[in-house]
1. Considering only residues that are open to solvent by 100 Å² or more (accessible area, probe 1.4 Å) and either under 21 Å from Leu41 (Cβ atoms) or touching a Lys or Arg at 6+ places or on another chain (Cβ under 9 Å) (or both), which ones fall in segment 55-77?
2. Would you mind stating whether Lys20 is at pLDDT below 95 and part of a loop (DSSP other than H, G, I, E, B)?
3. Check off (1) closer than 17 Å to Pro105 by Cα; (2) under 19 Å from the mean Cα position of the chain (by Cα) for Asp43 and give me the number that stays unchecked.
4. Among the listed residues Asp30, Asp81, which satisfies the condition of being without any contact (Cβ under 8 Å) to a residue 60 or more places away in the chain, over 16 Å from the mean Cα position of the chain (by Cα), assigned to a loop (DSSP other than H, G, I, E, B) and within 30 Å of Arg17 (Cβ to Cβ)?
5. Just to be sure, is Arg92 out of contact with any helix residue (DSSP H, G or I) (no Cβ under 6 Å at 6 or more places or on another chain), open to solvent by less than 90 Å² (accessible area, probe 1.4 Å) and without any contact (Cβ under 8 Å) to a residue 40 or more places away in the chain?
6. Is it true that Thr7 is of a type in the set (S, T, N, Q), surrounded by 10 or more Cβ atoms within 10 Å (Cβ to Cβ) and at pLDDT below 85?
7. Which members of segment 101-120 meet the condition of being open to solvent by 70 Å² or more (accessible area, probe 1.4 Å) and either modelled with pLDDT under 85 or aromatic (Phe, Trp, Tyr) (or both)?
8. All but one of (1) free of Cβ contacts under 8 Å to residues at least 40 places away in the same chain; (2) open to solvent by 50 Å² or more (accessible area, probe 1.4 Å) hold for Val98; state the number of the condition that does not hold.
Amino acid sequence: CELGPNTLLVNSCRVRRYLKELGLWERAVDAAPEARKRYVLQDWKLVALPHSPLEFLRSPILTWEAKRRIFSEPFAPKRVDPDETLGDFIRRRLGDEVLREMIGPFVSGIFAGDPDRLIV
């Protein structure tokens with residue numbers, strides 16, 4: 001539970017029952033359907049993140065080369081480095097473009113962190 005705009009994810013009957021027992025269920029409000037979309041800023045325009053494989057293929061967020069690299073990720077060589085940063089991990093497995101256009105905005109927006117300073 002956090003004190004931000006998404007205060008609680010009710011994804012089980014146990015949580016729902018607990019909220020009802022506490023008398024809090026009536027205060028629960030579902031997010032508006034339009035709030036489910038996530039965006040990144042690209043070339044000063046908001047671009048929706050894809051929610052399906054087909055949307056991913058059609059999305060302008062990444063080039064075809066970056067998309068190809070994502071699909072080849074399962075075949076990338078494995079490495080164990082306890083000090084590897086998230087940025088290095090993503091660059092190695094998915095490339096600079098994925099780090100710059102997707103992972104970087106996500107990490108800085110959600111965790112207020114720098115992928116080159118966070119350890120995997």
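1. Arg58, Pro77
2. Considered against the rule, which asks whether it is at pLDDT below 95 and part of a loop (DSSP other than H, G, I, E, B), Lys20 comes out as no.
3. Tallying (1) closer than 17 Å to Pro105 by Cα; (2) under 19 Å from the mean Cα position of the chain (by Cα), Asp43 fails exactly one: (2).
4. Asp30
5. Against the criterion (out of contact with any helix residue (DSSP H, G or I) (no Cβ under 6 Å at 6 or more places or on another chain), open to solvent by less than 90 Å² (accessible area, probe 1.4 Å) and without any contact (Cβ under 8 Å) to a residue 40 or more places away in the chain), Arg92 qualifies.
6. yes
7. Result: Phe106, Ile110, Phe111, Ala112.
8. Tallying (1) free of Cβ contacts under 8 Å to residues at least 40 places away in the same chain; (2) open to solvent by 50 Å² or more (accessible area, probe 1.4 Å), Val98 fails exactly one: (2).
The values are calculated or read from the model by the stated rules, or taken from the named source; none is laboratory data. Quantities reported herein were computed from a predicted structural model and do not represent experimental measurements. No Cβ is skipped: glycine too gets one built from the backbone with ideal geometry, and neighbour counts run over all protein chains shown. Surface areas here come from the heavy atoms of the whole protein model, side chains and all, with no ligands, DNA or RNA. Shrake-Rupley method; radii C 1.70, N 1.55, O 1.52, S 1.80 Å.
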